[in-house]
Structures are given as C-alpha cells and as structure tokens.
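Values quoted throughout were computed directly from the atomic coordinates according to the rules given, and no laboratory measurement underlies them. Note that this is a predicted model, so its numbers are computed, not measured. Cβ placement follows ideal geometry from the backbone for every residue including glycine, while neighbour counts extend to all protein chains displayed.
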Amino acid sequence: MGDVIGWLEEQWKQKGFRVFAVFTAALTVIMAVEFYLFAYGMLKICRYLILLWVLFGVAWIDQQSKRIPNQAVLSLLVIRTVVLLMECLVYREYWLSIVIDAGSGFFFGGGMFLFCYLITRGGVGAGDVKLFAALGYQLGAGAIFTTIFLTVVIAAAYCLVALVRKKTGMKQEIAFAPFIFAGTVLTMMLGV
C-alpha cells in the first residue's frame, strides 16, 4: 500500500495526472448517481466504481510506459472474486447465472484478445489480453463485447485523426489502455 501512495504522490506532481484524476473523480460522482438511478445493487455500484479507478491507474501507466502492470490486473481479479462470492450469497437463487456470466466474460474477453495477440504477432500486447480477461470477469459476457467494440471504435477514430494530422505513423506503437478506459466507461454509462 505504501508503494501505491508513493506512486500517487509522485504522479500528482504532473499536471496531466491531476487533470485526469479530477476528471475521473467527477465521472465517479456522475456514474454513481446514474447507477443509483438504474437501480443497481450496492455491490454492482461498488464493483463498477472500483473498476473505474483501477482502469484510471492502468490507463495512466500505459500511456506513460506502454505497459499494463500485472498487479493491477491481479487486483481486478481478486476484487471481482470477492464481490462475486458476496453476490452469490446475496442473490442465492441466481448464483449459477452470476458465476457463468463472470466466467464466460473472462474467457470471451481474454480469448478474443489472445486471438488478436497471436495473429498480430505482438501488435496487441499481452497486458491487453490479461486486462480484457479481467474486464470480462468484471463486466460479464454481454458487456465485454460492447466494451471491446467501443474500445476498438474509439482507438480507430483516434488513429485516423492522428494519421490525418500527421501526429503518428502507421508503425508507431500506441498505448491501448486509455482507449480501454474510455470504452469501459461508455459501456458502464450505457447500462449494458
């Protein structure tokens, strides 16, 4: 925990980080209200808001260093497992469908990006594969497809604009986690 606080203090010195953190804090309030209006249960609201903040950190780190830390992915898996157990206890009559949805989301999210990783020979990073598996576990099978679609559309739009403006080249590597952050936020806000 001390490492995380030290890292936050270090990053807080950068204006871009502060702006992104304030934006994410405002987004947290908006999404909490929206989730309440959607009549989500408290466990789902907490799970989604924790996911938002972990993705915030992942997006920032990936933008800076072009890597997705395994610790963040592991924390998403552990948090989801704990919340999944709590959901199974609270919603006992639906426990099997809850587990199947989370498990199939894990395999669909990770599997789709593992396929992309294999056919692009490293064009998609292994961190992206692990992150999408964890996102599928968090969001479930239905929502992970929407998240993948929105993420790819946002990333493609960004790349097209960057190419037209000559800000990037065809072979230049981009951080994908900021687009994953945006796609996930849109998916959650759409109530998928």
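Tabulated data
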quantity: Degrees, to the nearest 10: 126-139 long Cα axis against longest axis of the chain; calculated: 30 degrees
quantity: Count, lysine Cα pairs under 26 Å in the stretch 2-190, 8 or more residues apart or across chains; calculated: 10
quantity: The chain, Cα convex hull volume normalised per residue, Å³; calculated: 121 Å³
quantity: Ascending count of other beta-carbon atoms within 10 Å, so fewest first, for LEU76, LEU49, LEU135; calculated: LEU49, LEU76, LEU135
quantity: Candidates GLY103, GLY125, GLY41, ranked by Gaussian network fluctuation over the chain, Cα under 10 Å, top entry; calculated: GLY41
quantity: Chain lengthening between LEU118 and LYS15 when straightened (0.36 nm per residue, less Cα-Cα); calculated: 33.4 nm
quantity: Residue of GLN172, GLN64, GLN138 that the Gaussian network model of the chain assigns the largest fluctuation, springs spanning Cα pairs under 10 Å; calculated: GLN172
quantity: Gaussian network model of the chain, Cα within-10 Å springs - most flexible of ARG47, ARG165, ARG80; calculated: ARG165
quantity: Cα-based helix-to-principal-axis angle, 15-37 vs the chain, degrees rounded to 10; calculated: 30 degrees
quantity: Least to most buried among GLU10, GLU87 (fewest other Cβ within 10 Å first); calculated: GLU10, GLU87
quantity: Taking LYS44, LYS13 and counting other C-beta atoms within 10 Å, the order from fewest to most; calculated: LYS13, LYS44
quantity: Value of relative contact order over the stretch 91-136, rounded to a whole percent, pairs C-alpha under 8 Å and six or more apart; calculated: 47 percent
quantity: The chain: angle of helix 70-90 to the longest principal axis, Cα-based, in degrees nearest 10; calculated: 20 degrees
quantity: Projected-area average for the stretch 1-81 over all orientations - Cα convex hull basis, square nanometres; calculated: 5.8 nm²
quantity: Structure-based [θ]222 nm, the chain - -39500 (n - 2.57) summed over DSSP H runs of at least 4, per residue, nearest 500; calculated: -28000 deg cm²/dmol
